[in-house]
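The values are calculated or read from the model by the stated rules, or taken from the named source; none is laboratory data. None of these values were measured; they are calculated from a predicted model. Note: ideal-geometry Cβ built from the backbone for every residue, glycine included; neighbour counts use all protein chains shown. Calculation scope for accessible area: heavy atoms of the full protein, side chains included, ligands and nucleic acids excluded. Shrake-Rupley method; radii C 1.70, N 1.55, O 1.52, S 1.80 Å.
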Amino acid sequence: GQQVMQIPQYQHVQEGEDFTTYCNSSTTLSNIQWYKQRPGGHPVFLIQLVKSGEVKKQKRLTFQFGEAKKNSSLHITATQTTDVGTYFCAGRGNAGNMLTFGGGTRLMVKP
Amino acid sequence: NAGVMQNPRHLVRRRGQEARLRCSPMKGHSHVYWYRQLPEEGLKFMVYLQKENIIDESGMPKERFSAEFPKEGPSILRIQQVVRGDSAAYFCASSPRDRIYAFFGQGTRLTVV
């Protein structure tokens, strides 16, 4: 079945440093979504990418969908302590409705 | 417009008891998904339902677990004869139609003692 892998599993950064998490799918995706989960909280939808090569920005966050629609990345510029949490990618295949989540990247930011 | 409502937020059950987790989707949402999250791990898909139909239950254990989404009322995830390994956070998500993003509830944290 479809598998979605995310790296790294954990990332410690100093406040102000950049951060990137990468997501790879075993199969071509129809779309990919990104969610953020604060410690003790629930996943909150951030963005959805649909087109091959698509790039979207939300303030300091840049999301990219690969040309082959099998990988994606989330880049945060100049991290802040409010960015702390686990970032999940979730991919939907071309057939079926199931969203498959990656294992998440847990971001810790030192002030 | 209230968000996805899950209750209870915390549930403690002894081994062998039954656990019933409820999820009321957002108003107008007819698609419900259940996910399980073990501590420090990712979200594992369990089941996808529409009103009165199970669409995909490929992530649900074959025994002791069942889910329903009746015409009226919330979606229910039922775990019979709970074991310690069932301890986890169970999240419900809903969406208004197929193939768009989902809104998550705050989860039910199940502890089996």
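May I ask you to list the residues in region A:29-38 that are within 21 Å of A:M108 (Cα to Cα) and within 9 Å of the chain's Cα centre (by Cα)? Walk me through how you get there before you give the answer.
Initially, region A:29-38 is screened for residues within 21 Å of A:M108 (Cα to Cα), giving A:34-38.
Correct list: A:W34, A:Y35, A:K36.
Open to solvent by less than 70 Å² (accessible area, probe 1.4 Å), modelled with pLDDT under 95 and assigned to a strand (DSSP E or B): is that true of A:S30 in this structure? In short, yes. Screening B:V32, B:V47 for residues that are within 19 Å of A:V44 (Cα to Cα) and β-branched (V, I, T) leaves exactly one candidate, B:V32.
Which residues, taken from region A:53-75, are of a type outside the set (K, R) and either surrounded by 13 or more Cβ atoms within 10 Å (Cβ to Cβ) or within 30 Å of B:H10 (Cβ to Cβ) (or both)?
Step one: of region A:53-75, the residues of a type outside the set (K, R) are A:53-55, A:58, A:61-68, A:71-75.
Those that are of a type outside the set (K, R) and either surrounded by 13 or more Cβ atoms within 10 Å (Cβ to Cβ) or within 30 Å of B:H10 (Cβ to Cβ) (or both): A:E54, A:L61, A:T62, A:F63, A:Q64, A:F65, A:G66, A:N71, A:S72, A:S73, A:L74, A:H75.
Any residue that is buried (at least 18 other Cβ atoms within 10 Å of the Cβ), β-branched (V, I, T) and within 21 Å of A:Q14 (Cβ to Cβ) - is there at least one of those in region A:102-110? Looking for residues that are buried (at least 18 other Cβ atoms within 10 Å of the Cβ), β-branched (V, I, T) and within 21 Å of A:Q14 (Cβ to Cβ), one finds at least one in region A:102-110, hence yes. Does region B:61-72 contain any residue that is away from every other protein chain (no Cβ under 14 Å), of a type in the set (G, A, S) and over 14 Å from the mean Cα position of the chain (by Cα)? Scanning region B:61-72, I find no residue that is away from every other protein chain (no Cβ under 14 Å), of a type in the set (G, A, S) and over 14 Å from the mean Cα position of the chain (by Cα), so the answer is no. Tally up the residues in region B:4-15 that are under 15 Å from the mean Cα position of the chain (by Cα) and either within 13 Å of another protein chain (Cβ to nearest Cβ) or farther than 29 Å from A:R106 by Cβ (or both), please. Of the residues in region B:4-15, 5 are under 15 Å from the mean Cα position of the chain (by Cα) and either within 13 Å of another protein chain (Cβ to nearest Cβ) or farther than 29 Å from A:R106 by Cβ (or both).
The single condition among (1) more than 15 Å from B:R20 (Cβ to Cβ); (2) open to solvent by 50 Å² or more (accessible area, probe 1.4 Å) that B:S95 does not satisfy is (2).
Name every residue in region A:7-27 that is under 26 Å from B:R109 (Cβ atoms) and open to solvent by 20 Å² or more (accessible area, probe 1.4 Å), in order of residue number.
A:Q9, A:Y10, A:Q11
Counting only strands (runs of 3 or more DSSP E) that fall entirely inside region A:43-111 and contain at least 1 residues that are away from chain B (no Cβ under 14 Å) and not polar (S, T, N, Q), the qualifying elements are A:55-58, A:61-65, A:71-76, A:105-110.
Scanning region A:39-94 for residues that are more than 20 Å from B:S95 (Cβ to Cβ), under 15 Å from the mean Cα position of the chain (by Cα) and among the charged types (D, E, K, R) returns A:E54, A:K57, A:R60, A:K69, A:K70, A:D83.
For every residue, the table says whether it meets (1) more than 10 Å from chain A (Cβ to nearest Cβ); (2) small (G, A, S); (3) on the phi > 0 side of the Ramachandran plot; (4) outside any strand (DSSP E or B).
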| site | (1), (2), (3), (4) |
| --- | --- |
| B:Q17 | yes, no, no, yes |
| B:G28 | yes, yes, yes, yes |
| B:E40 | no, no, yes, yes |
| B:V47 | no, no, no, no |
| B:I76 | yes, no, no, no |
| B:Y90 | yes, no, no, no |
| B:R109 | no, no, no, no |
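Go over the candidates A:S26, A:S52 one by one and state the one that is under 24 Å from B:S58 (Cα atoms) and among the hydroxyl-bearing types (S, T, Y). Before you say what the answer is, go through the steps one by one.
Numbers: A:S52 fails: under 24 Å from B:S58 (Cα atoms).
Just a single option satisfies the conditions, and that option is A:S26.
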